[in-house]
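Written out below as structure tokens is the structure these notes cover.
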There are 2 protein chains.
Amino acid sequence: MNIAMTMSKPDLRHHLSSEVLSRKENPMKVVQRLSMRNSNMISLANGDPHFSLYPIRKVKFEVAPVSDEVEDPFMSWQNPNSPSISFSSSRSDISSKSLSSESIPLNAALQYHGGTGSDVFVHAMEELTNYYHNPPNHKCLNTLGNMDGIVKCFRLLANPGDNILADEFAFGPPTNAALSQGINWVPVRIDKGGLIPSDLEKVLSDWDEETKGRKPRVLYTVPCGQNPTGCTLNLQRRKEIYAIACKYDLVIIEDDPYYFLQYSDSDGDAVPSNLMPSFVSMDTEGRVIRVESCSKTIAPGMRLGWVVCSPMFYEHMLHLVESSAQFSHGFGQIFLSEMILGPQGWGVLGFDRWVQSLRKEYQRRRDHFQVIFDHEVASTGYASAEAPEAGMFLWIRIHLDEHPRFKLLPSRTADSKNGLIQGVPTIYGRKTNFLELMDEFFENCLNAGVVLTPSSVFALPYESSLFNTDDPLEDRINYVRATFAGPYETMEPGLKIVGQVLRDFFSSNE
Amino acid sequence: MNIAMTMSKPDLRHHLSSEVLSRKENPMKVVQRLSMRNSNMISLANGDPHFSLYPIRKVKFEVAPVSDEVEDPFMSWQNPNSPSISFSSSRSDISSKSLSSESIPLNAALQYHGGTGSDVFVHAMEELTNYYHNPPNHKCLNTLGNMDGIVKCFRLLANPGDNILADEFAFGPPTNAALSQGINWVPVRIDKGGLIPSDLEKVLSDWDEETKGRKPRVLYTVPCGQNPTGCTLNLQRRKEIYAIACKYDLVIIEDDPYYFLQYSDSDGDAVPSNLMPSFVSMDTEGRVIRVESCSKTIAPGMRLGWVVCSPMFYEHMLHLVESSAQFSHGFGQIFLSEMILGPQGWGVLGFDRWVQSLRKEYQRRRDHFQVIFDHEVASTGYASAEAPEAGMFLWIRIHLDEHPRFKLLPSRTADSKNGLIQGVPTIYGRKTNFLELMDEFFENCLNAGVVLTPSSVFALPYESSLFNTDDPLEDRINYVRATFAGPYETMEPGLKIVGQVLRDFFSSNE
């Protein structure tokens, strides 16, 4: 890295997709901004229904108490008779003195907004982001949850035919969604420690634009509790990956829903709650777009999140938001605003108390699950798994190479469409019959009454012809993903079945 | 229309965009469905955080009472001390007998869902849709509000370079959003009665694919209280337009946010509340996609709506939903489910009482606004407007042809980029200086402290070279849109300013 690159911010506008560059501002939002030119302006312009026309007067949420007096907020909350606290938002025309201190009145939250949402809501997102990441110079823009945020990043950064780098096993829905946009995936190897920096650099330095098309300029990665493998990047790898991004002019899409579910202490300093420093926290060049989610800290049905990115990416993402769902739903704006900033709300410190307590529970679940797994499944000798450092998944290796019907295929074959549940293109040249054995194992599990997620669902759907390799992904899909986020009651019965299915499967010669 | 077309449904799959056809199902949702193969199945597959991990115990909404005992729900509701009713959703583990009758427990509403959302939520959308439209054979799929629904229709039906028909003045945000997808707009003339069927047919029958590209296969239109012009299609025109759609194989995107704000009685029979029959209600061929909104009946901040379409379009739209925001937010699912189906909710009949009462208020607002307009603005002689039959806007013609500086341009000019606030391509060949005069008028209004929406914002952004006409849109942009949905207090002061600006403007010779 040269001095100029570290000292001044590069202009990254060449990363924007053609779609984004041809996108105009939502013209109504332009008029809306004009109407704020001075504070006395009377607007007859926008069709904003007056709040007296809403049939809703108040929204109230009963939530867990998180004050210092509650020793372990999560554990206390499990008693259905434990007290709750509440925050609410009311129509301001009926507010008494006591109500007027709510951080956002219902009228404002349920009205039309620009793509940013209401100011209070923006402030709430910023409070949380600055507390945990303190990014150099970034803005927060609302999304409808993690998936929406990621897909919008793809729209922001990729043209049809573009190549994007990702963990070789990755969460299927976003990588799948990108295919219809014409994006080609480029796998980067992962090991127990997550994405391997040297492999990332090798893919980039070896890239031949003649045969493979445009060099990848985007990396999509899950740094903590990687889904599905459960691995977490340590600080050293993060620094290396960021340096590679600067060297090769990559934008990093940091998809980090399991950030708060880290079970090992960080090796970074000065990060709250001993959490690992995020990519965005070290993003001096403005080349990280972090995708935030409320699904794991509050609930999946929130469908609320945000992206943290440079002002330049923010501006273009804003146009995209205003040209789709327009802004995040008012009920979610109320919830987040009142939770972080409201007089009855948790505040950032209260939020931190909740997530620290929550991750202890996830850690208990992980440990509980692992004990049962070792007893019921690993004990068969046909499968193994290590406890993940973060997230909610166990990545279970099925020892298919010890299966009686395991075979090395005699020569390279071109049956590229066989086996993968997604039905998307895969590499050819596999050397094992793992695909067939995994399909059989998955079906046996279903018949016995248990569902696991087969690793084939996560195998990055990449163009076989571009990555003909001696070590194809299809020879490493002997894994299943199991979660410990579900009901405690089903862990033991479920894993007992898996153990039995494995024993039967490995003793079947035909 | 031949007998075969009326008797059997045509296969409309050729309308699907390449993007949609290349889109795969969200693979996690496939696994989720497999896990429901039998009711005893234990799932360790999906990372669905157990509801005990949510910090929320209850959500409660205080809303307007709408029972028969309340004579005029809207008017009663305006008293801040009037009683409210409430509906709520609670975590089912703490529910007492009385709570268990809630239509959807919080656990279910805040969990992950397939793209359909929860079953109860689907049921609520169906109840409303069947009551008002009773479509022949259609399904309801959630969206994040009207704009999201429309943009998803464009993604469903159009490839880059496709031509789509629309009202020549149309709501800017969706038509603008479509440009970056590579859609070309094709304007259809409108008059006081809305889109002119004979013009629609003429555009289609005259279409020359050699010079104009692929014949349009989609019509995007707002049938009630058209935004911005306020006009409403009568039943006869609707029938003619639907017949043309069948004859020319069009799909109609029916964007109808002002459906409930109709002020004249319908000329159709058997439609509740004397509302005009919608296109989807007559859609025997499955070629209408109706886009529903809660923004005008409940509040814009709901960011919740749905599309009503044939099972075939539904299936592909579902994949699109599952590959973007995934499903509508839980708080909105709770609100709609409890409102329509919950034990404390309004039910469909209560909803109908609310919207009937609400439209009376809008009608009062319209009449009030019109009286002030006539007195303050029309009286100048420089502007005029007719009361709309539906919606929330007055479409005001500025009599620019009487302005002292009005001029006919000496010959056709090619300055196509002048004047339109959107900065998108416009037609050339205009014969008047309306653009310059309107810009000046708009700026004068701003300086005087009032914002109106200039019609240029709504002028369909279409390719000038394809529609060189003797009657260009730029010579008909002498309109502004004003709303009567805002605060009563600002109507008179705002319109007084408009009157004064007009007087000054029309007396300015330089």
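Data for the structure
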| item | result |
| --- | --- |
| Amide H partners (placed H, <5 Å) of B:Thr453, local residues excluded | B:Arg481 |
| Copies compared at B:His368 - label distances in nm, ascending, label defined 7 Å from Cα in the Cβ direction | 5.8 |
| Position B:Asp208, label points 7 Å along Cα→Cβ, spacing to each other copy in nm (shortest first, one decimal) | 4.9 |
| For the protein assembly as shown: rounded, prolate or oblate by the Cα gyration tensor [a/c cutoff 1.5] | prolate |
| Position A:Ser264, label points 7 Å along Cα→Cβ, spacing to each other copy in nm (shortest first, one decimal) | 7.3 |
| Packing rank of B:333-340, A:69-76, A:122-129, A:257-264, where each peptide gets the mean count of other beta carbons within 10 Å, highest leading | B:333-340, A:257-264, A:122-129, A:69-76 |
| When each of A:Lys192/A:Lys247; B:Lys192/B:Lys496; B:Lys29/B:Lys296; A:Lys152/A:Lys215; A:Lys496/B:Lys58 is checked by Cα-Cα distance, pairs over 29 Å | B:Lys29/B:Lys296; A:Lys496/B:Lys58 |
| Cross-link reach list, lysines versus B:Lys407, counting only Cα pairs under 25 Å and skipping chain neighbours closer than eight places | B:Lys417, B:Lys431 |
| For A:Glu292, residues with placed amide H under 5 Å, excluding near neighbours | A:Trp306, A:Val307, A:Val308 |
| Relative contact order computed over the stretch A:104-351 (Cα-Cα under 8 Å; 6+ residues apart), in percent | 30 percent |
| Computed helical MRE - 222 nm, chain B, DSSP H runs ≥ 4 contributing -39500 (n - 2.57), nearest 500 | -10000 deg cm²/dmol |
| Whole-number D in µm²/s for chain B (Stokes-Einstein; Kirkwood sum over Cα pairs; 4 °C, 1.567 mPa s) | 52 µm²/s |
| Fewest-first sequence of A:Leu110, A:Leu400 by Cβ atoms within 10 Å of each Cβ | A:Leu400, A:Leu110 |
| Other protein chain Cβ atoms within 10 Å, averaged over every residue that makes up A:67-79 | 1 |
| Per-residue average of Cβ from other chains inside 10 Å of A:477-489 | 4 |
| Exercise: per-residue mean of other protein chain Cβ atoms within 10 Å, A:349-362 | 1 |
| Share, in percent, of DSSP beta bridges within the stretch B:140-244 that are antiparallel, nearest 5 | 20 percent |
| Dipole moment magnitude, nearest 20 debye, the protein assembly as shown about Cα centre, only Lys, Arg, Asp, Glu C-beta charged | 60 debye |
| Sorted by Cβ density within 10 Å, fewest first, the residues A:Asp504, B:Asp148, A:Asp374 | A:Asp504, A:Asp374, B:Asp148 |
| Residues A:His138, B:His319, A:His14 arranged by fewest to most Cβ contacts within 10 Å | A:His14, B:His319, A:His138 |
| Distance between the stretch A:299-375 and the stretch B:149-165 - C-alpha centres, whole angstrom | 33 Å |
| In sequence order, calculated HN-Hα J values of the stretch A:220-231 (Karplus, 6.51, -1.76, 1.60; Hz; x Gly/Pro) | 9, 8, 10, x, 10, x, 2, 9, x, 7, x, 7 |
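Only the coordinates and a few stated rules stand behind these numbers; no lab work does. No experiment lies behind these values; they were computed from the predicted model shown. Because the Cβ atoms are built from the backbone with ideal geometry, glycine has one as well, and the counts that use them run over all protein chains shown.
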